[in-house]
1. When the helix-only estimate is applied to the chain (DSSP H runs of n ≥ 4, each -39,500 (n - 2.57), divided by the residue count), what is the mean residue ellipticity at 222 nm, nearest 500 deg cm²/dmol?
2. Test of understanding: ordering ILE47, ILE62, ILE56 by Cβ neighbours within 10 Å, fewest first, what list do you get?
3. Over the chain, what relative contact order in percent results from Cα pairs under 8 Å that are six or more residues apart?
4. Please state, to two decimals, what the Cα-based radius of gyration of the chain comes to when divided by 2.2 N^0.38 Å (N = residues).
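None of the figures in this text is laboratory data; all of them are computed from the coordinates on show. Here the structure is a predicted model, which is why all the values come from computation and not from measurement. When we count neighbours, we look across all protein chains shown, and the Cβ atoms used for this are built from the backbone with ideal geometry, even at glycine.
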Amino acid sequence: MYNYFMNEKEFKKQVGLNIKSIRAKRSYNQKELADFSMLSRDSISKIERGEQNFTISSIFAIAKALNVDILKLLDFKNFTN
């Protein structure tokens with residue numbers, strides 16, 4: 001899962017890209033995901049851009065709102081260093 005050559009900034013960015021990709025596949029906008037996950041739209045936006053630190057609780061809430069296993073949000077198969 002985790003690429004040892006990935007730094008913290010890249011890690012947050014990849015998680016954000018995963019969230020954005022899954023959200024788009026579900027045809028949710030950021031406001032809908034925010035409402036479903038009980039997070040603010042601003043937080044969703046910043047998390048998707050890799051600009052905000054996130055907690056396990058927020059990632060769990062997002063995974064639940066997207067109806068995916070939390071590990072899908074931490075999938076780095078497409079990461080290139």
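1. It lands at -17500 deg cm²/dmol.
2. ILE56, ILE47, ILE62
3. 42 percent.
4. My calculation over the Cα atoms of the chain gives 1.00.
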